[in-house]
Amino acid sequence: MARRRRKPERRDNPHLDESAQVRDFYAHPVGRDVIDKLLLQQGHSNRWVDNPIVGRLRLKTVAWLARPFTGPNLVTTLVKLVNAEPEAPDPGTGAPEPTWWKQAAFYQIFPRSFADSNGDGIGDLGGLLARLDYLAELGIDCVWLSPIYDSPNEDGGYDVRDYRAVMTEMGTLEDLDAVIAGCHARGMRIILDLVVNHTSDQHEWFQKALADPDGPYGDYYFLLPPDPDDPEQPPNNWKSAFSGPAWRWLPEVERWVLHLFAPSQPDLNWENPRVRDEVIDLCRWWFDRGIDGFRMDVINFISKTPGLPDGHDFVGDMVQVAGVEHYFYGPRLHEFLRELRERAFDPPGGTPKLMVGETPGVGVETGRLLTGADRGELDLIFSFDHLESGSNTRYDDYRYDLELYKRYLIDYQERLGSNDWLTLFFENHDNPRMISKVNPDPQHRVALGKLLGTLLLTMRGTPFIYQGQELAGINEPFESLDELRDVESHNRYRTLVEEGKSEDEAWAQVLTSSRDHSRIPMRWEPGPGSGFTTGTPWLIGREDPGFSVAEQEDDTESVLSHYRRLLALRRRSTALRLGDVEFVDADRSGYFAWFRTTGAERFFVQLNLTDAPLDIPDADPAAELVLASHGAGQTGTLAPYESRVYSLRPNTPATGD
Ligand code: NOJ
């Protein structure tokens, strides 16, 4: 189904200056996301802005009041950022278009840790091929593979050396063809990971740039000469997401090179049309091999403010990455995405391919501006605000508050129109396991695993399950830094110690946040190697009795069986895939309940978000319990983390209220 083409550029948002009021700023889509993010980081609710006194403050007054805390020019920086976006999201009318990807359940695979077929301890395509039946039987509609390309693997394959070759340890292009065909033969689609904000420094383009920095490849990257007055000083104050400056000195060519991630991951310069042509060519090449789309790694980072100005210190301190306001929603982002769609993903007359953007820092309104059905840009985004609860980030040791998530989700859903659609996910290869964040007490593990699955698969939006989530995977009890493989964890540990933290403090922080928690080998069977490998796994994963596929698949009470039932129910119910969502009793703390309805079907979902029993209104006697984490349960009460799904006749209330 071809996507509606975009209307010519409009100016919907007034141009703001510093005499504008806070409420004008908040009425702007970018302004709203920025304020929401600032308040979230400070642990405040956005109700602050509704306060008439705050709302009427002029921006210049805010600048003056905040200056002692934020330093100069914060408001000027933010006003510039919002004025760069002239358009507002168009909510659309009628029902959302029922595209396949709105209805599909996705499953993310981190191939290095999924299944090893040759005993070298590294997951590979042969292993994956042999497990496709597992995914089909689970009820998956589309598989997403994290990178499988040729790579020196300094960042889990997100450092690509050759976009058209498969990493030797994982197999060959022919093996990948077999996986693509194997998915399609089982009625599943498959998307790959497109990592084109940066390459590996071993990529041929970078090697050619090094050989001749003034030649045609020099401009594929941001290679900048030193300032003659201060040659030791990098070109700006931007920081890498993996600690330290975002600049690496290249003595062989006497230039600095920009890397927003590891020093071995130089950023591509998308201002150069030849870079964009290269990306378009490689996407087409993969589409010709039969894939159905891409998850697009940090795709919102591809457009940088020209001249690469310094980032504001306060913003940098707040989000722990200086410079981010100059690239998380850059000036040519919309244009670059539209070009990609028109020339590669959705050319006239072709079958559109899926574009799922990974977009750190993007909020609800900017997300709508990147995915609106009328805009010709992305289809879906991964926004990450919900993975951080209150003012906490992944690096903090804290208990994730599901009540805050409930409020976030209700607000998010209420702001979407028929042009918009959201992804639902709790886990991926970059985050610790959700069960461990919410409540690490083992007595709640199964109930919580089922609750998260129920939420994911009955809420409105496109669900993404991360491998092992369907088994109630939890964080790994790593014992020391040398058990970890992740570059981010190692860099962070080093930086924390350099900053004066004790080794124990640094380890505690790294242990809380490490991405390796989600990258441990998949547990297929009990016993050494977990059925993942006959050799020594590349990353340690201890035995976890009761939580392997073999132990759970024949147990009707297991989390895996619950996921299977949920996926089957979702597949046969239009209301659960596409129906409206209507929240009930939203103010009842710890209780999360909603209806999903289409003309002919109606479901009612109830969750207890707490670790204590919760009294609830009696269910309508006509409501039929179709799926439950605790069997028939007790009338009038939900057990800790209990979840229930009822089927109703349309137009009936679910509770006796
Ligand atoms: C986001 C990916 O999900 C993460 O794993 C990777 O390290 C960075 N992008 C850099 O590619």
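Basic side chains Lys and Arg get +1 at the Cβ, acidic Asp and Glu get -1 at the Cβ, and with that the dipole of segment 68-148 about its Cα centre reaches some 280 debye.
Taking every Cα-Cα distance in segment 508-657 and sorting them into 5 Å bins from zero, the calculated P(r) comes out as 2, 8, 14, 15, 14, 13, 11, 10, 7, 4, 1, 0 percent.
With a simple spin-label model that places each label point 7 Å from the Cα along the Cα-to-Cβ direction, the separation between SER561 and GLU9 comes to 5.9 nm.
With the simple spin-label model, which puts each label point 7 Å out from Cα in the Cβ direction, the GLU553 to GLU503 separation comes to 4.4 nm.
For the set LYS37/LYS304; LYS102/LYS208; LYS450/LYS501; LYS80/LYS102; LYS60/LYS239, the pairs lying more than 32 angstrom apart at their alpha carbons are LYS102/LYS208; LYS450/LYS501; LYS80/LYS102. DSSP beta bridges fully contained in the chain are about 65 percent antiparallel.
If only the Cβ of Lys and Arg carry +1 and only the Cβ of Asp and Glu carry -1, the dipole of segment 583-625 around its Cα centre is close to 180 debye. Is segment 190-336 best put as rounded, prolate or oblate by its Cα gyration tensor, with a ≥ b ≥ c the root eigenvalues, rounded for a/c under 1.5, and otherwise prolate when a/b is larger than b/c, oblate when not? Oblate, since a/c reaches 1.5 and b/c is not below a/b. Taking every alpha-carbon pair in segment 30-90 and binning the separations at 10 Å intervals from zero gives 19, 52, 27, 2 percent. Using the Cβ-Cβ distance between GLU232 and GLU479 with R0 set to 51 Å, the FRET efficiency works out to roughly 0.80.
With the simple model of a label 7 Å out from the Cα in the direction of the Cβ, GLU97 to GLU403 spans 4.2 nm. Rolling a 1.4 Å probe across the protein heavy atoms gives the chain an accessible surface of 39 Å² per residue. For the chain, a simple Cβ point-charge model (Lys and Arg +1, Asp and Glu -1, everything else neutral) yields a dipole of about 2400 debye relative to the Cα centre. Computed over the chain, the per-residue total of -39500 (n - 2.57) for DSSP H runs of n ≥ 4 gives a 222 nm mean residue ellipticity of -9000 deg cm²/dmol, rounded to 500.
Look at the dipole of the chain built from charges on Cβ: of PHE110, SER200, ILE190, the Cα furthest out on the positive end belongs to ILE190.
Report the net charge of residues surrounding LEU648, where surrounding means a beta-carbon distance below 11 angstrom and charges are Lys +1, Arg +1, Asp -1, Glu -1. Counting the neighbours of LEU648, the net charge comes to 0. Positive end of the dipole of the chain (Cβ unit charges, origin at the Cα centre): among ASN300, ILE616, VAL30, the Cα lying farthest that way belongs to ILE616. Using the Cβ-Cβ distance between THR168 and PHE69 with R0 set to 45 Å, the FRET efficiency from 1/(1 + (r/R0)^6) comes to roughly 0.30. Amide H to amide H distances under 5 Å link ARG588 with no residue, where only residues 5 or more positions off or on other chains count and H is placed in the peptide plane.
Positive contributions from Lys and Arg (+1) and negative ones from Asp and Glu (-1), summed over other residues with Cβ under 11 Å from the Cβ of GLN41, come out at -3. Measuring with a 1.4 angstrom probe and ignoring ligands and nucleic acids, GLU388 comes out at about 50 Å² accessible. Among the protein heavy atoms of segment 170-251, carbon and sulfur supply 51% of the accessible surface, probe 1.4 Å, non-protein parts ignored. Quick check: net charge around PHE547, other residues with Cβ under 13 Å of its Cβ, Lys/Arg +1 and Asp/Glu -1? Neighbourhood net charge equals -4. As a rough guide to protection, the peptides 67-76, 172-181 ranked by mean Cβ packing within 10 Å, highest first, stand as 172-181, 67-76.
On segment 336-414, 46 percent of the accessible area sits on carbon and sulfur atoms, based on a 1.4 Å probe.
Principal axis extents of the C-alpha atoms in segment 362-483 (largest first, rounded to whole Å): 50, 31, 27. Only alpha carbons enter this Debye calculation for segment 1-128, each as an equal point scatterer, and the log10 of I(q)/I(0) it gives at q = 0.15, 0.23 Å⁻¹ is -0.82, -1.35. In units of the rule-of-thumb radius 2.2 N^0.38 Å, the chain shows an alpha carbon radius of gyration of 0.95.
Projected onto their three principal axes, the Cα atoms of segment 551-590 cover extents of 39, 28, 8 Å, largest first. If contacts are Cα pairs under 8 angstrom and at least 6 residues apart, what is the relative contact order of the chain in percent? That works out to 13 percent. When each of the peptides 500-513, 220-233, 435-448 is scored by how many other beta carbons lie within 10 Å of its residues on average, the order from highest to lowest is 435-448, 500-513, 220-233.
The values are calculated or read from the model by the stated rules, or taken from the named source; none is laboratory data. All values reported here derive from a predicted model rather than from experimental measurement. Positions of Cβ are generated from backbone atoms using ideal geometry, with glycine treated the same way; all protein chains shown enter the neighbour counts. Surface areas here come from the heavy atoms of the whole protein model, side chains and all, with no ligands, DNA or RNA. Shrake-Rupley method; radii C 1.70, N 1.55, O 1.52, S 1.80 Å.
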